[in-house]
1. Under a point spin-label approximation (7 Å from Cα along Cα-to-Cβ), what is the residue 62-residue 146 distance to one decimal in nm?
2. Spin-label point model (7 Å from Cα, Cβ direction): what's the residue 319 to residue 215 distance in nm?
3. Using the alpha-carbon atoms, what tilt in degrees (0 to 90, nearest 10) does helix 37-61 show relative to the longest principal axis of the chain?
4. Taking only the alpha carbons of the stretch 1-141, what extent do you get along each of the three principal axes, in Å, biggest first?
5. Using all C-alpha to C-alpha distances in the stretch 72-189, build P(r) with 10 Å bins and read off the rounded percent in each one.
6. Round to the nearest 0.05 the FRET efficiency obtained for residue 136 and residue 115 when R0 = 35 Å and r is the Cβ-Cβ distance.
7. For the stretch 123-182 and the stretch 318-372, compute the distance between their C-alpha centroids and round to whole Å.
8. Compute the acute angle (0 to 90°) between the alpha-carbon long axis of helix 77-109 and the principal axis of greatest extent of the alpha-carbon atoms of the chain; round to the nearest 10°.
């Protein structure tokens, strides 16, 4: 592995954080739990943490192999290649959903007279250009974006209580309907989005400079981001209330639009829209990189030659839904519950078990005396 492709552990941790934020703030997560959405978020984050620990354990079993090489190595040439192609399709589909979100938000908030296909074409061209230079560019961009996103979200979190929009009483009663709605909201939906998506980073862990700091940095980054997302998500409840937040198309955007402080802090929705664009761009770029790296590992053809075909695939899949409502319903009710868990839980768990069994057999064979 060339030195220019390696990434610092700090860069990896920052990218995981921005990746998790991504498009998460676009939605009201765990709305079925109403005012207990924060409990559903924490429960989903806890389950996602166990998945992350499994991913890290898989990586440490074979530090030099990424997700695609792991499946190829432990599941054989044909089964491994088939699973790898499935992951390429999964990463591409995730990127296409981000692209559609990007286009729809732009039409709803800024360019309501511009055709959706033109906006998404421009976005995919910009993201493709960054992917063409490799994953290192993505990680460096995240380092640049971090201060902007951190400052902006902190500012929004401060301005909402200061302007009197914060209603803590909307959070009560806690567990009004018991734990069942919380569990139903958290599993598998919140696990699948956003926390289970960290499976993508099995592609990037081998590029990180080895050291004991990897686990600590990734886990701390994950926990801080999960707690921050839980608070930001709960702002929808504190301002709009559980019923309005649940049925709102862009709840946090509506919340931010209410900020008006001394005629100085106005039109904060423009700032929040920029944050959404940055988050969606990071997430789309990460999945795009994952798909091109996968095709390079499967075929042996340089990733640069796969950028255009994957871009066309992502762009084409972004039109699978005829309208935004269908896009949201498909995403929140179908793929999150039935498709994504296969890639985030089932296949990594199968790989983990296979690695442990194979390693144990090797140790047993080495320890047993040779028969003459």
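Nothing in this text is a laboratory measurement; each read-out follows from the coordinates by a stated rule. Quick caveat, the model's predicted, so the values are computed rather than measured. Here the Cβ positions follow ideal geometry from the backbone for every residue, glycine too, while neighbour counts run over all protein chains shown.
1. Placing both labels 7 Å along Cα→Cβ, they lie 3.0 nm apart.
2. It works out to 4.9 nm between the two label points.
3. Here the helix axis deviates by roughly 20 degrees.
4. Result for the stretch 1-141: principal-axis Cα extents of 50, 41, 33 Å.
5. All Cα pairs considered, the percentages come to 10, 18, 29, 28, 14, 3, 0.
6. For residue 136 and residue 115, the calculated efficiency is 0.55.
7. 27
8. 10
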